[in-house]
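Colleague: Have a look at this one.
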Amino acid sequence: MPVILYVLFAVSLLPILLAWAGAAYRIRQLGTLDNRHPRAQQARLTGAGARVQAAQANAWESLGVFTATCVIALAAGVELESLTPAAWLFLVCRLLHPLLYVFNLAWWRSGVYALGMLCCGYIVWRAATLS
């Protein structure tokens with residue numbers, strides 16, 4: 001199976017892992033895990049806890065973009081093995097992004113996000129130039 005599909009699976013797990021990290025911050029900062037009203041409780045987080053929640057939201061958004069990118073590449077008939085470097089770089093960016101978010105390194109985080117989106121743009125460009 002092509003690496004890009006393994007990356008798609010790995011990236012699909014990131015929002016879930018970040019949700020678990022967010023739950024840990026909710027317990028640490030607020031003393032309990034309110035599973036009846038989790039969104040209201042998440043809104044009360046501050047500092048690193050709030051940034052984990054924001055990173056989780058961004059992970060969901062990026063998952064949608066990368067999924068669409070993979071579908072476009074598949075539909076266009078791109079040789080998926082040729083996309084391995086871009087897929088690996090996207091994965092590295094997505095793994096670094098929440099860490100940079102938690103440690104409040106905003107400019108680095110934005111740069112890593114942009115690089116990940118450039119990977120998606122490159123994959124779509126490859127698909128577009130096939131025809």
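Colleague: With (1) among the aliphatic types (A, V, I, L, M); (2) at pLDDT 95 or above; (3) in contact with a helix residue (DSSP H, G or I) (Cβ under 8 Å, 6 or more places away or on another chain) as the list, and residue 71 as the residue in question, which single condition is left unmet?
Modeller: (3)
Colleague: While we're looking at this one, here's another question. For the range 29-49, state whether one or more residues are in contact with a helix residue (DSSP H, G or I) (Cβ under 7 Å, 6 or more places away or on another chain), of a type in the set (Lys, Arg), assigned to a helix (DSSP H, G or I) and without any contact (Cβ under 8 Å) to a residue 60 or more places away in the chain.
Modeller: There is no residue in the range 29-49 that is in contact with a helix residue (DSSP H, G or I) (Cβ under 7 Å, 6 or more places away or on another chain), of a type in the set (Lys, Arg), assigned to a helix (DSSP H, G or I) and without any contact (Cβ under 8 Å) to a residue 60 or more places away in the chain.
Colleague: Considering only residues of the range 43-94 that are surrounded by fewer than 16 Cβ atoms within 10 Å (Cβ to Cβ) and of a type in the set (Phe, Trp, Tyr), which is nearest to the chain's Cα centre (by Cα)?
Modeller: 60
Colleague: Could I ask something else about it? Restricting to the range 96-107, name every residue that is loosely packed, with under 15 Cβ neighbours inside 10 Å and of a type in the set (A, V, I, L, M, F, W, C). Can you show your working first?
Modeller: Step one: of the range 96-107, the residues loosely packed, with under 15 Cβ neighbours inside 10 Å are 99, 103-107.
Correct list: 99, 103, 105, 106, 107.
Colleague: Take residue 23 and tell me if it is part of a helix (DSSP H, G or I) and without any contact (Cβ under 8 Å) to a residue 12 or more places away in the chain.
Modeller: Numbers: part of a helix (DSSP H, G or I): yes; without any contact (Cβ under 8 Å) to a residue 12 or more places away in the chain: yes.
The answer is yes for residue 23.
Colleague: Out of the residues in the range 108-123 that are surrounded by fewer than 17 Cβ atoms within 10 Å (Cβ to Cβ) and either aliphatic (A, V, I, L, M) or in contact (Cβ under 8 Å) with a residue 24 or more places away in the chain (or both), state the one that is nearest to residue 71 (Cα to Cα).
Modeller: The selected residue is 122.
The values are calculated or read from the model by the stated rules, or taken from the named source; none is laboratory data. Remember, predicted model here, so these are calculated numbers, not experimental data. With ideal geometry, Cβ positions are generated from the backbone for all residues, glycine too; neighbour counts draw on all protein chains shown.
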